[in-house]
Structures are given as structure tokens and as C-alpha cells.
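Undergrad: Pasting a structure below so you can have a look.
Read the figures in this text as sums done on the coordinates, not as results from a lab. Since this is a predicted model, take the numbers as computed values, not measurements.
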Amino acid sequence: MSGTLFIVAAPSGAGKTSLVHALLEREPGISLSVSYTSRLPRPGEVDGRHYHFVSRGVFERMAAADVFYEYANVHGDLKGTARTAVEPLLAQGRDVLLEIDWQGAQQIRAKLADGSRADCVGTDSISVFILPPSRAELERRLRARASDKAEAIARRLVDSRQEIAHAGDFDFIVVNDQFADALADLRAIVQCQRLRRKAQLGRHAGLIDDLLKAD
């Protein structure tokens with residue numbers, strides 16, 4: 001049985017990364033795929049942990065070689081998920097979480113809907129969009145990070161309108177007003193997926209066979 005692909009997207013500043021890390025601490029059965037990016041590291045970011053940092057030229061060559069499961073231009077920087085970080089884990093039945101943007105999520109939906117792709121057979125995906133409670137709070141969070149220049153913050157705020165316009169493309173929407181509540185919502189989504197018929201039939205096939213045996 002293939003694992004589930006959990007996709008989490010949000011406008012910059014909505015608190016997506018903090019929620020994802022808190023979710024993974026409480027749901028160890030999910031593997032986080034670390035994305036590649038062409039941007040420079042922010043203070044405190046570690047290569048291989050937060051992102052795989054590469055030059056734009058290297059990223060473009062990787063894209064041309066079909067290395068990526070998905071990739072997109074996000075706020076002027078290239079970001080993508082390596083196929084090797086997703087496909088083998090899903091094939092082993094392990095759940096994988098992608099922290100990406102709406103463009104990458106759109107690519108994955110199209111990929112999974114293509115029945116001719118052998119690498120997608122049996123894969124379920126659940127997509128979640130994280131919303132901030134207000135535009136004022138979104139701007140406050142972006143400025144509080146103190147990791148971007150004023151021009152970058154202004155661009156992210158402008159871009160957030162286009163990003164939020166795609167919230168309706170996702171399976172679930174979570175508003176990150178109170179962090180604990182948003183995290184509980186995310187965990188409930190994961191648990192709901194794991195209790196679905198297909199997942200339970202695969203997980204408990206032996207139990208079901210045993211229960212059906214004649215006395």
C-alpha cells in the first residue's frame with residue numbers, strides 16, 4: 001500500500017513552517033521532504049535541514065534533468081522537491097509531507113490525476129492551506145521575523161493575495177489564529193486520513209483475514 005502525500009501550503013508569514021514542525025514532533029510516522037531552493041540561507045537556517053541550498057544554475061540544471069517531483073518560482077526564488085525524497089518513501093507505504101506553495105500543489109494534483117503515470121499509482125494526497133487570521137496579522141508576523149528586507153516583505157504581502165486566491169483548490173483550510181487550535185486541526189486531518197477505509201484495510205489486512213476465518 002502506498003503512503004499518503006500530505007501537502008501543506010500557505011502565504012509567507014502564515015505560520016506554516018512552525019505548524020509543520022510541531023505536527024511532525026507529534027506524528028512521527030510522517031517524513032518531511034526537505035525542498036531545494038535557489039535563494040540564500042536566512043540567519044539560523046541550516047543546509048539539508050531547512051532547505052537544500054543550491055545556486056540558480058544548479059537548480060535549473062536539476063529541473064532540466066527531471067530531478068524534481070514539483071518545482072516553482074516562489075517570490076522570485078526557485079523551490080522544488082526532489083523525486084528521490086518522495087517516491088521511494090511512498091512506495092514503502094510511508095507518509096510524506098511536502099511544505100510547498102500553491103503552484104507545486106497544483107503540479108502534484110495534475111500528476112496524481114494522470115492515470116498513465118506508474119509512479120503515482122495508489123498514491124493518495126491530502127492538501128491543506130494555512131490562512132492567517134487577518135492581513136494586519138500577516139504583515140506583523142512577516143516583520144517580526146526580521147529576516148527579510150522591507151522590499152521583500154512588501155513583495156510577499158502583494159504575492160499573498162494570489163496565493164490566498166488558490167485556497168479553494170485545497171482539501172482543507174486551517175486558520176492559524178491560535179497556534180494550539182491550528183495544530184489540533186492539522187492533527188485531526190492526519191488522523192482522519194489514517195482512519196479512512198483504504199488505509200485501514202491495508203494496515204489491518206491480517207486482522208481482517210483472521211476475523212473472517214471459519215471456526
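Undergrad: Which percentage, to the nearest 5, of the DSSP beta bridges contained in the chain is antiparallel? Before the final figure, lay out each step's value.
TA: Numbers: 8 of 29 bridges.
Around 30 percent antiparallel, to the nearest 5.
Undergrad: Taking 0.36 nm per residue of separation and subtracting the Cα-Cα distance, what length does fully extending Asp215 through Glu45 add? Mind showing how you got there, number by number?
TA: On the way: separation 170, 0.36 × 170 = 61.20 nm, distance 6.00 nm.
Working it through step by step, the gained length comes to 55.2 nm.
Undergrad: Largest first, please: the extent of the C-alpha atoms of the stretch 149-210 along each principal axis, to the nearest Å.
TA: 63, 24, 20
Undergrad: Between Arg83 and Ala63, what is 0.36 nm times their sequence separation minus the Cα-Cα distance? Round to one decimal in nm.
TA: Extending this stretch completely gives an extra 6.1 nm.
Undergrad: Can you give the helix-only mean residue ellipticity at 222 nm for the chain, where every DSSP H stretch with n ≥ 4 adds -39500 (n - 2.57) and the sum goes over all residues, rounded to the nearest 500 deg cm²/dmol?
TA: -13000 deg cm²/dmol
Undergrad: Continuing with this model, one more query. Could you work out the Rg to Rh ratio of the stretch 16-147, with Rh taken as the Kirkwood radius (inverse of the mean 1/r over all Cα pairs)?
TA: Result for the stretch 16-147 is an Rg/Rh of 0.97.
Undergrad: With springs connecting C-alpha atoms under 10 Å apart, model the chain as a Gaussian network and identify which of Leu186, Leu131, Leu40 has the largest mean-square fluctuation.
TA: Its mean-square fluctuation being the largest, the pick is Leu40.
Undergrad: Still on this structure, I have one more. Principal axes first, then extents: for the Cα atoms of the stretch 65-114, list largest minus smallest coordinate on each axis, whole Å, largest first.
TA: Projected onto the principal axes, the Cα atoms of the stretch 65-114 cover 35, 22, 20 Å.
Undergrad: OK, next. Working out 0.36 nm times the residue gap between Gln92 and Ala136, then minus their Cα-Cα distance, what length gain in nm do you get to one decimal? Write down the numbers at each step before the final one.
TA: Details: separation 44, 0.36 × 44 = 15.84 nm, distance 4.33 nm.
Gain on stretching Gln92 to Ala136: 11.5 nm.
Undergrad: So which lysines pass the test for Lys16, namely a Cα distance under 24 Å, with those fewer than 8 places away in the same chain ruled out?
TA: Lys16 reaches Lys79, Lys111, Lys149.
Undergrad: Quick check: from the Cα gyration tensor, does the stretch 24-63 come out rounded (a/c under 1.5), prolate or oblate?
TA: Oblate, since a/c reaches 1.5 and b/c is not below a/b.
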